[in-house]
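Beneath this line is the structure, given in structure tokens, with notes to follow.
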Amino acid sequence: MNPILFIVGARGAGKTTVGKRLANELSYTFIDTDHHIQQISNMTIADIVNQQGWQQFRQLESKVLQQVSQSNRVISTGGGIILSAENRQYMRQNGTVIYLQASADILAERLMQQPESTQRPSLTGKSIVEEMEEVLTARENLYCECADHIINAQLSPEKIIACVKEMILPRRIS
Ligand code: ADP
Ligand code: MG
């Protein structure tokens, strides 16, 4: 079976940007779990969370993760997908997990440049840098635990894609 590539990392790490281009280069189908959730529910993530709460959203996210996991796919996941032990185990058992690792400063810088309408609701009500520091403190171990490969998210998308290809493609014996 061809591998499924799961891309994990915090908001702003580049999961969607890199995932889309990687899928294109590998001729895989690209799926973004956040985007998929918004499509099937016909609501934004912010609206789902505001109306139904984080717990409902997380349940939906876990269900969607398993529904979209088919071979020949690059699956960019939501930043909190690794919070669930079941999701972590599922991704490790069913594919190759790539963690795009970035510091809180870098993540915050990128998120602040995005339009308000595309931003996810604040988890804590604090500044974006503080929030990303807290998020990473709580989640870094989980991202690392889940990952088969860790890649520096500050590299250019081209370099990240080259790294992933190097990691997943069978090595040629010369
Ligand atoms: P995620 O899906 O992980 O939340 P995005 O792919 O939406 O992250 O990227 C967040 C922002 O960072 C976007 O504005 C994107 O253009 C930018 N970005 C993504 N990857 C890189 C990269 N490798 N280098 C510089 N900027 C990047
Ligand atoms: Mg994304």
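The values are calculated or read from the model by the stated rules, or taken from the named source; none is laboratory data. Since we're looking at a predicted model, the values are computed, not measured. Positions of Cβ are backbone-derived with ideal geometry, glycine not excepted, and every protein chain shown enters the neighbour counts.
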field: Q38 assigned to a helix (DSSP H, G or I), surrounded by fewer than 16 Cβ atoms within 10 Å (Cβ to Cβ) and on the phi < 0 side of the Ramachandran plot
entry: no
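Quick grid of which residues meet (1) of a type in the set (K, R); (2) away from ligand 1 (no atom under 15 Å from the Cβ); (3) within 24 Å of K165 (Cα to Cα); (4) assigned to a loop (DSSP other than H, G, I, E, B):
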{"site": "Q51", "(1), (2), (3), (4)": "no, yes, no, no"}
{"site": "R58", "(1), (2), (3), (4)": "yes, yes, no, no"}
{"site": "E86", "(1), (2), (3), (4)": "no, yes, no, no"}
{"site": "R92", "(1), (2), (3), (4)": "yes, yes, yes, no"}
{"site": "R110", "(1), (2), (3), (4)": "yes, no, no, no"}
{"site": "Q114", "(1), (2), (3), (4)": "no, no, no, yes"}
message: With the structure loaded, tell me whether K20 is farther than 20 Å from K165 by Cβ and modelled with pLDDT of 95 or more or whether it fails that test.
response: no
message: For segment 1-44, give me the residue count where each residue is among the acidic types (D, E) and under 25 Å from A138 (Cβ atoms).
response: 2
task: Filter segment 28-63 for residues that are more than 14 Å from ligand 2 (Cβ to nearest atom), among the hydrophobic types (A, V, I, L, M, F, W, C) and farther than 22 Å from P115 by Cβ and give the result.
output: I40, W54, L60
query: Which pairs do you get when a residue that is within 9 Å of G12 (Cα to Cα), found in segment 104-128, comes within reach of a residue that is surrounded by 10 or more Cβ atoms within 10 Å (Cβ to Cβ) and at pLDDT below 70, reach meaning Cβ atoms under 9 angstrom, with the pair 6+ apart or on two chains?
result: L111/Q119; L111/R120
